[in-house]
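Asker: Please find one structure pasted underneath; my questions will follow.
The values are calculated or read from the model by the stated rules, or taken from the named source; none is laboratory data. This one's a predicted model, so the numbers in the text were calculated from it and none came from an experiment. Every residue, glycine among them, receives a Cβ derived from its backbone with ideal geometry; neighbour counts consider all protein chains shown.
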Amino acid sequence: MGAGVTGKNGNGGRRGRRRNRHKPMSEINITPMVDVMLVLLIIFMVAAPMLTVGVPVELPETAATALPTEQEEPLTITLTADGRLLIQNTETEEAALVPKLRAIAAERRSDKVFLRADGAIPYERVMQVMGALNAGGFRNIGLVTETGGPDMNESEG
């Protein structure tokens, strides 16, 4: 007597297939992963140049041009204004400089080294370090300066 209407398959008046709401997806949505990877790529591209910060030194200015770049990372020795001596970014005692340089020279293909000295360092101290570099096996010493210094060309004066 007045019962509800049911369809052929007995689903209470709904037509068509009944959907299973808990069925696992068979497709992987990679859009969020791609978005995260692009953001990380941008972060690394911006952060990478900031990771190569050296020791702050007030380099003297000269009219010399820059040296061509090398394939091997150059060895850098730094003399700071407060008298510290650094190989790359590692502080080194003066007595341990020559043995460390000999060990480094044995591992490297090139005997090129860059010496960065603060402009306030006395010339004698710079020459002492250059002698230690020579004793350590480095004969090709480049002195690092800033460009834009005075030009000693006699034809201008």
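Asker: Can you tell me which residue in the range 115-138 is surrounded by the fewest Cβ atoms within 10 Å (Cβ to Cβ), limited to those that are in a helix (DSSP H, G or I) and touching a helix residue (DSSP H, G or I) at 6+ places or on another chain (Cβ under 7 Å)? Explain how you work it out, then say what you get.
Answerer: We begin by selecting, within the range 115-138, every residue in a helix (DSSP H, G or I); these are 123-135.
Now drop any that are not touching a helix residue (DSSP H, G or I) at 6+ places or on another chain (Cβ under 7 Å), which leaves 132-133, 135.
Numbers: A132: 17, L133: 22, A135: 12.
By that ranking, first place goes to A135.
Asker: Those residues that are surrounded by 14 or more Cβ atoms within 10 Å (Cβ to Cβ) and more than 16 Å from L85 (Cα to Cα), I need them from the range 105-114; list them, please. Break it down stepwise before answering.
Answerer: Filtering the range 105-114 down to residues surrounded by 14 or more Cβ atoms within 10 Å (Cβ to Cβ) leaves 105, 108, 110-114.
If the condition is that a residue be surrounded by 14 or more Cβ atoms within 10 Å (Cβ to Cβ) and more than 16 Å from L85 (Cα to Cα), then A105, R108, S110, D111, K112 are the ones that fit.
Asker: Please verify whether I104 is at pLDDT 85 or above, assigned to a loop (DSSP other than H, G, I, E, B) and not acidic (D, E), treating the condition exactly as stated. Don't jump to the end; show me each part of the working.
Answerer: Values: at pLDDT 85 or above: yes; assigned to a loop (DSSP other than H, G, I, E, B): no; not acidic (D, E): yes.
No; evaluated as a whole, the condition is false for this residue.
Asker: Another question, if that's okay. Quick check on this structure: which one of A47, A95, A81, A3 is at pLDDT 80 or above and in a loop (DSSP other than H, G, I, E, B)? Show your work before the answer.
Answerer: On the way: A47 fails: in a loop (DSSP other than H, G, I, E, B); A95 fails: in a loop (DSSP other than H, G, I, E, B); A3 fails: at pLDDT 80 or above.
Sole residue among the options that is at pLDDT 80 or above and in a loop (DSSP other than H, G, I, E, B): A81.
Asker: Residues that are assigned to a helix (DSSP H, G or I) and either modelled with pLDDT under 85 or under 30 Å from N153 (Cβ atoms) (or both): does the range 51-72 have at least one?
Answerer: Here is the first cut: in the range 51-72, the ones assigned to a helix (DSSP H, G or I) are 51-52.
Then drop every residue that is not either modelled with pLDDT under 85 or under 30 Å from N153 (Cβ atoms) (or both), which leaves 51-52.
Yes, the conditions are met somewhere in the range 51-72.
Asker: So, in the range 139-157, of the ones that are part of a loop (DSSP other than H, G, I, E, B) and of a type outside the set (V, I, T), which residue ends up surrounded by the most Cβ atoms within 10 Å (Cβ to Cβ)?
Answerer: First pass over the range 139-157, keeping only residues part of a loop (DSSP other than H, G, I, E, B): 139, 144-145, 148-153, 157.
Next, only the ones that are of a type outside the set (V, I, T) stay: 139, 148-153, 157.
Numbers: R139: 11, G148: 9, G149: 13, P150: 8, D151: 11, M152: 9, N153: 8, G157: 6.
The residue in question is G149.
Asker: Restricting the first residue to the range 105-122 and requiring it to be more than 13 Å from N134 (Cα to Cα) and acidic (D, E), which pairs with a second residue that is part of a strand (DSSP E or B) and modelled with pLDDT of 90 or more meet a Cβ separation below 7 Å and a spacing of at least six or different chains?
Answerer: Once the first residue is more than 13 Å from N134 (Cα to Cα) and acidic (D, E) and sits in the range 105-122, its partners that are part of a strand (DSSP E or B) and modelled with pLDDT of 90 or more give D118/L79.
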